[in-house]
1. I need the shape label for segment 37-115. Rule: rounded when a/c is under 1.5, else prolate if a/b > b/c, else oblate, with a, b, c from the alpha carbon gyration tensor.
2. Each residue of segment 124-141 in turn: what ³J(HN,Hα) in whole Hz from Karplus with 6.51, -1.76, 1.60 and θ = phi - 60°, glycine and Pro shown as x?
3. Read phi for every residue in segment 78-84 and hand back ³J(HN,Hα) as whole Hz from Karplus 6.51 cos²θ - 1.76 cosθ + 1.60, θ = phi - 60°, with x for Gly and Pro.
4. Just check segment 130-183 against the gyration tensor rule for me: Cα atoms, a ≥ b ≥ c as the square roots of the eigenvalues, rounded for a/c under 1.5, and otherwise prolate or oblate depending on whether a/b exceeds b/c.
5. In whole Å, how far is the Cα centre of segment 100-116 from that of segment 180-228?
6. Based on the mean of other beta carbon atoms within 10 Å per residue, what is the order of 155-166, 112-123, most packed first?
7. Between LYS178 and GLU116, what length comes free when the chain is fully extended (0.36 nm per residue of separation minus the Cα-Cα distance, one decimal in nm)?
8. Measure up LYS91/LYS190; LYS125/LYS148; LYS51/LYS148; LYS51/LYS75; LYS125/LYS207; LYS154/LYS207 against 23 Å on the Cα-Cα distance and list the ones that go over.
Amino acid sequence: MTNISDIMNSVKKTMEAEELAGVKELIIDREKMTKNKPTKKNITLPELKEKVSACRRCSLAETNTNYVFGDGNPKADLMFIGEAPGREEDKQGLPFVGRAGKLLTMIIEAIGLKREDVFIGNILKCRPPDNRNPLPDEIAMCSPYLIKQVELIKPKVIFALGKFAAQTLLNTETPISKLRGKFYDYQGIKLMPTYHPAYLLRNPGAKKDVWIDMQVVAKELGLKVPRHKKQP
Ligand code: SF4
């Protein structure tokens with residue numbers, strides 16, 4: 001089982017190493033992010049995407065078909081972060097486009113938004129072979145991209161989808177069943193952990209919990225959930 005403390009230590013070491021090597025554009029300035037000030041280097045989201053599409057930082061670059069940078073509104077108030085691309089996502093180069101993705105679209109639409117209104121991404125930008133769990137080193141190598149994405153998009157709320165995303169972003173090993181349903185602080189942004197849509201496909205009974213979490217987020221964003229909408 002992956003130890004989240006090991007992952008976060010690896011992330012820290014990687015970021016320190018990058019800083020020493022002068023790769024500062026991928027290093028988050030946490031204080032500035034919290035205060036919503038511009039970053040030291042004004043890399044744009046399209047430029048970051050280009051960087052990712054040429055990345056060879058971990059061995060997943062050898063086996064991927066496409067890089068899955070993430071997709072959606074670059075100024076979204078709501079950002080969804082999952083674990084890693086699956087087979088369909090790897091094929092199309094887009095996040096959450098398989099069965100779980102269709103369910104995620106329904107969940108987004110249930111609170112009166114469209115996919116184009118939000119930004120959807122993952123901790124890893126490349127598919128782990130056979131959809132295995134991400135390895136600590138892969139997370140450590142890839143995390144700076146996600147951190148920069150969050151810094152550039154500046155969402156008001158982040159939805160962390162599933163155990164890996166929630167535990168990695170919150171640096172905890174608490175089970176997702178205990179984490180979900182409450183807001184946490186992530187660099188000055190409200191973060192709501194909830195179940196991954198793939199988990200919901202296997203455990204439809206958990207959909208009601210995600211629906212509760214979505215309504216809390218909708219309220220936080222001042223969205224009026226359409227009356228005719230029911231739990232997806
Ligand atoms: S998973 Fe991330 S770090 Fe690894 S090759 Fe892909 S983009 Fe680079």
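Quick note: the coordinates plus some simple rules give every number you see, no bench work behind them. Note that the structure is predicted; figures quoted are calculated from it, not measured. Every residue, glycine among them, receives a Cβ derived from its backbone with ideal geometry; neighbour counts consider all protein chains shown.
1. oblate
2. 9, 9, 10, 6, x, x, 6, 6, 5, 5, x, 8, x, 5, 5, 5, 4, 6
3. Values per residue, Gly and Pro as x: 10, 10, 9, 10, x, 8, 6 Hz.
4. It comes out oblate by the Cα gyration axes.
5. Computed from Cα coordinates, the inter-centre distance equals 12 Å.
6. The densest-packed peptide leads the list: 155-166, 112-123.
7. 19.3 nm
8. LYS91/LYS190; LYS125/LYS207; LYS154/LYS207, as the Cα separations exceed 23 Å there.
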